[in-house]
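Below you'll find the structure, written out as structure tokens, and then a few comments.
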């Protein structure tokens with residue numbers, strides 16, 4: 001058994017497997033085993049893999065458990081020291097694994113990291129899901145080196161040094177198995193979206209670090225499940241961000257933080273309304289009402305996390321509001337943010 005397993009979660013993804021799995025196998029076989037966790041696909045994904053890539057291990061789940069639970073069930077059956085959670089719509093490159101392994105081995109407290117993630121459809125630019133590493137502002141809004149909201153930087157070599165960040169993208173996340181299991185894996189109540197950020201935050205609250213390995217890069221199609229502008233994704237992102245704040249925020253009063261965030265969410269909802277985007281407006285309202293019903297559950301999770309996490313690592317958290325910087329001060333480039341404004 002190799003030290004590393006590249007693990008792809010699949011559900012009816014034959015078209016992506018046919019396009020991207022050959023490169024995953026080719027560029028990973030020297031250092032990693034390749035595993036596909038199948039969420040009870042109805043297409044011919046399994047027969048395609050078996051026929052063309054017999055070296056790929058297939059873990060078959062009895063039904064579609066979604067992203068978080070699907071990974072949790074599948075990864076429990078994999079014993080490799082390092083796990084790479086890789087989306088099926090990612091094109092990997094030659095030598096992409098070696099820098100990730102070296103980075104993790106050189107940093108014993110690093111639980112997870114990611115490569116640079118560029119846009120498959122515009123390969124000169126960073127992609128939404130992760131870019132050159134993830135950060136979070138004081139209100140829980142997430143952004144990346146190379147991508148703030150929907151502004152994407154061209155990759156001109158401005159982010160080359162490996163860097164500790166706040167979160168790593170689930171599109172291509174390299175993580176120590178023992179750390180993943182220690183925190184209980186991905187939170188299945190999230191269903192989809194932001195579960196990897198929640199995972200990283202829980203790791204940070206235990207004192208682990210998260211990295212961006214910028215000497216490795218991959219290309220991500222993105223939007224394979226839901227487009228970025230989609231009412232369901234809007235609902236999940238607003239709801240899950242509140243879940244994440246209540247569970248994990250330790251740097252002050254969580255009640256004050258939630259009230260501020262809900263106010264900002266209300267402004268966003270009103271903006272959707274004035275733009276005539278009624279379905280998005282309703283998505284934000286639904287997200288909040290769902291959150292209210294789940295407060296007792298999230299408080300129990302918060303207590304469990306607080307009992308376990310004793311050494312909080314805030315590196316990569318932005319002390320200011322990224323909304324103010326982006327919309328009021330027109331700072332759309334990550335490098336325009338002051339380094340002193342980060343923990």
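The values are calculated or read from the model by the stated rules, or taken from the named source; none is laboratory data. Keep in mind that this is a model prediction, so the values were computed, not measured. FYI the Cβ positions are ideal-geometry reconstructions off the backbone, even for glycines, and counts take in every protein chain you see.
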- Message: Can you find, within segment 1-19, the residue that is farthest from the chain's Cα centre (by Cα) among those that are over 18 Å from residue 46 (Cβ atoms) and surrounded by fewer than 18 Cβ atoms within 10 Å (Cβ to Cβ)?
- Response: 1
- Please give the helices (runs of 4 or more DSSP H) falling wholly within segment 175-281 in which 1 or more residues are free of Cβ contacts under 8 Å to residues at least 24 places away in the same chain and under 25 Å from residue 327 (Cα atoms). 254-274
- Is it true that residue 161 is buried (at least 20 other Cβ atoms within 10 Å of the Cβ), over 24 Å from residue 258 (Cβ atoms) and at pLDDT 95 or above? no
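Here's the yes/no breakdown for (1) in contact with a strand residue (DSSP E or B) (Cβ under 9 Å, 6 or more places away or on another chain); (2) surrounded by fewer than 14 Cβ atoms within 10 Å (Cβ to Cβ); (3) assigned to a loop (DSSP other than H, G, I, E, B):
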| position | (1), (2), (3) |
| --- | --- |
| 307 | no, yes, no |
| 310 | no, yes, yes |
| 313 | yes, no, yes |
| 330 | no, yes, yes |
- Task: Take segment 1-59 and flag every residue that is in contact with a helix residue (DSSP H, G or I) (Cβ under 7 Å, 6 or more places away or on another chain) and without any contact (Cβ under 8 Å) to a residue 24 or more places away in the chain.
- Result: 58
- Query: Which residues, counting only those in segment 39-97, are over 18 Å from residue 17 (Cα atoms), in contact with a strand residue (DSSP E or B) (Cβ under 6 Å, 6 or more places away or on another chain) and surrounded by fewer than 20 Cβ atoms within 10 Å (Cβ to Cβ)?
  - Reply: 77, 78, 80
- Message: Going through 281, 326, 334, 272 one at a time, which residue ends up being surrounded by 15 or more Cβ atoms within 10 Å (Cβ to Cβ) and farther than 25 Å from residue 235 by Cα?
- Response: 334
- Item | Number of positions in segment 26-38 that are in contact with a strand residue (DSSP E or B) (Cβ under 7 Å, 6 or more places away or on another chain), surrounded by fewer than 18 Cβ atoms within 10 Å (Cβ to Cβ) and within 25 Å of residue 121 (Cα to Cα) | 0
